[in-house]
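The values are calculated or read from the model by the stated rules, or taken from the named source; none is laboratory data. For clarity, every value in this text was computed on a predicted model and none was experimentally measured. All Cβ positions, glycine included, derive from the backbone under ideal geometry; neighbour counts span all protein chains shown.
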Amino acid sequence: MTEARQVDVARIRRSRSAAPRARLRWTKDLPVGKHADKHHRITGARLAKDALGRHIAFRVTTLAQVPGPRPGPEVGVDAGITIPLALSDGEVVEHGPWPTKKEEARLLHYEQRAARRKGHRKKGRRTGRRPHKTYDQIARIRATVKRRRDDWQHKTTTSIAETYGTVVVEALSITNMVKSAKGTAEQPGENVAQKAGLNRSILGEAWGRTVQLLAYKVARRGGRLAEVPAPGTSQECAQCHTVTAGSRRTQAGFVCNDPACGWEGNADHNAARTVPRRYRTGHALVPAAGRAVVRRASHGVKPATAR
Ligand SMILES: [Zn+2]
């Protein structure tokens, strides 16, 4: 993190002619120049670089009215395997494949090429320029996919925070998510190995970030984000609340094992409906507020943000 005093926005702008390749595109109004004062100012900046280019993220402090409590509706959000985000009111938030079929094919092609080159390389000799070109191409595709995911997450979480007053999610557990791609004993998932890999890298990470974004976006609007314990949400019937191991027969379908109920529906949607009920029956986890201080023996005190 760069300190605020090292960031001179005006100078960056003026140096455009000196460095013609650095083009700045502002996506937000920043409190600089005559717009800046004691309460509205830039307090830090971070230069982020990926294979497609760079961007600067500014940390800004502004004075804003404390949002009043938000009486908006309550919703449960569940990240699924067959549905990216399932909401308890039946709403479904989807997105195209990450990466697209074409990108996936290109990734595979470049990865195979890179592996071939690596195999040909003689021991002790430096990597030539050509493999590096292949690595760059791989990195660019991955960066494109990541940017697309970030965009979708921001739009989706903003829309959820604007629509609902209370948002209930499962407490983060990536191991749960990876497990569910394996399907069930009776009906194992397709391409389990690939999907498990994809889950770890994209889905698991995506859900963690979705919750992170929701946390501040909901709070900023006066709403509240509640986390409930996750175990069993996929096995609990949203209709009669019977928990039966094996109720989740397939990845997509949920069939209640209670013969008196027999509710059938999408498994992700079922879990999304179970989540707010747990919250209403008093199962919310209390998140650690503010910042925690982690002490390290030799490095002094390192602040760490609590989840
Ligand atoms: Zn049931």
*Name the residues in the stretch 255-266 that are within 13 Å of the ligand (Cβ to nearest atom) and farther than 10 Å from Cys240 by Cα, would you?*
Val255, Asn257, Pro259, Glu264, Gly265
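Taking the conditions exactly as written (over 28 Å from Gly253 (Cβ atoms), at pLDDT 75 or above and assigned to a strand (DSSP E or B)), does Leu213 satisfy them or not?
Judged against the criteria, Leu213 is not a match.
For the condition within 16 Å of the ligand (Cβ to nearest atom), more than 13 Å from Val77 (Cβ to Cβ) and either loosely packed, with under 14 Cβ neighbours inside 10 Å or at pLDDT below 75 (or both), what is the one hit in Arg220, Arg277, Arg249?
That would be Arg249, the only listed residue that is within 16 Å of the ligand (Cβ to nearest atom), more than 13 Å from Val77 (Cβ to Cβ) and either loosely packed, with under 14 Cβ neighbours inside 10 Å or at pLDDT below 75 (or both).
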*Name every residue in the stretch 56-103 that is touching a Ser or Thr at 6+ places or on another chain (Cβ under 6 Å) and surrounded by 15 or more Cβ atoms within 10 Å (Cβ to Cβ), in order of residue number.*
Glu74, Val75, Gly76, Ile81, Val93
*Here are some residues: Lys118, Lys146, Lys133, Lys122. Which one is under 30 Å from Arg224 (Cβ atoms) and either charged (D, E, K, R) or not assigned by TED's automatic domain parsing to the domain that holds Trp207 (or both)?*
Lys146
*Of residues in the stretch 90-106 being among the small types (Gly, Ala, Ser) and at pLDDT 85 or above, the one nearest to Thr158 (Cα to Cα)*: Gly90
*asked:* Can you find a residue that is over 21 Å from Ala206 (Cα atoms) and touching a residue at least 40 places away in the same chain (Cβ under 8 Å) anywhere in the stretch 91-107?
replied: no
*asked:* For the stretch 99-107, check the following and say yes or no: at least one residue is within 29 Å of the chain's Cα centre (by Cα), outside any helix (DSSP H, G or I) and within 30 Å of Ser234 (Cα to Cα).
replied: yes
